[in-house]
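Before any comments, here is the structure.
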Amino acid sequence: MAGSRDVTVEVTVNGAPHAIEVPARTLLVHFLRDRLRLTGTHVGCDTTQCGACTVAMDGVAVKSCTVLAAQASGHEITTIEGLAADDSGDGLHPIQRAFQEEHGLQCGYCTPGMVMA
């Protein structure tokens, strides 16, 4: 593609540092899914409205389909896979447990985004 270039994205995801070269226009959601194989973050609507792609960047919920991977460089990202387990022994974050106990999901596709929000 004319005018395209690669950038090195240096980011900490779920506590692990990564430095990966990607095309400059790579969205964070595609970086997470395609390069890091963290597939819990979903692309739901292609219009930035649904929130299925929500992750935490430096503790703040962001729609990863609206953030370039290069913009995330130098930041800490937490995906649904990185939510810390508590001491209950079931490996779930308290919000995940609440969704389970209160039947707070439908098909489940957008549930990771809801939990992260």
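The values are calculated or read from the model by the stated rules, or taken from the named source; none is laboratory data. Note that the structure is a prediction, hence the values are computed from the model and not measured. Positions of Cβ are generated from backbone atoms using ideal geometry, with glycine treated the same way; all protein chains shown enter the neighbour counts.
Select from region 46-80 the residues that are in a loop (DSSP other than H, G, I, E, B) and β-branched (Val, Ile, Thr) and write down the one among them that is nearest to Met116 (Cα to Cα).
Per the stated criteria, the residue is Thr79.
For His75, are the conditions met, namely being surrounded by 11 or more Cβ atoms within 10 Å (Cβ to Cβ), without any contact (Cβ under 8 Å) to a residue 60 or more places away in the chain and within 15 Å of the chain's Cα centre (by Cα)?
no
Scan region 45-64 and tell me whether some residue there is surrounded by 14 or more Cβ atoms within 10 Å (Cβ to Cβ) and farther than 25 Å from Leu27 by Cβ.
no
Pick from Val29, Val11, Val43: which is assigned to a strand (DSSP E or B) and either at pLDDT below 95 or not hydroxyl-bearing (Ser, Thr, Tyr) (or both)?
So the residue among Val29, Val11, Val43 that is assigned to a strand (DSSP E or B) and either at pLDDT below 95 or not hydroxyl-bearing (Ser, Thr, Tyr) (or both) is Val11.
Give region 14-26 a look and list any residue that's in a strand (DSSP E or B) and touching a Gly at 6+ places or on another chain (Cβ under 7 Å), or say none.
Those that are in a strand (DSSP E or B) and touching a Gly at 6+ places or on another chain (Cβ under 7 Å): none in region 14-26.
Failed condition for Ala98, given (1) buried (at least 19 other Cβ atoms within 10 Å of the Cβ); (2) small (Gly, Ala, Ser); (3) in a helix (DSSP H, G or I), with all others met?
Going through (1) buried (at least 19 other Cβ atoms within 10 Å of the Cβ); (2) small (Gly, Ala, Ser); (3) in a helix (DSSP H, G or I) one by one, Ala98 breaks only (1).
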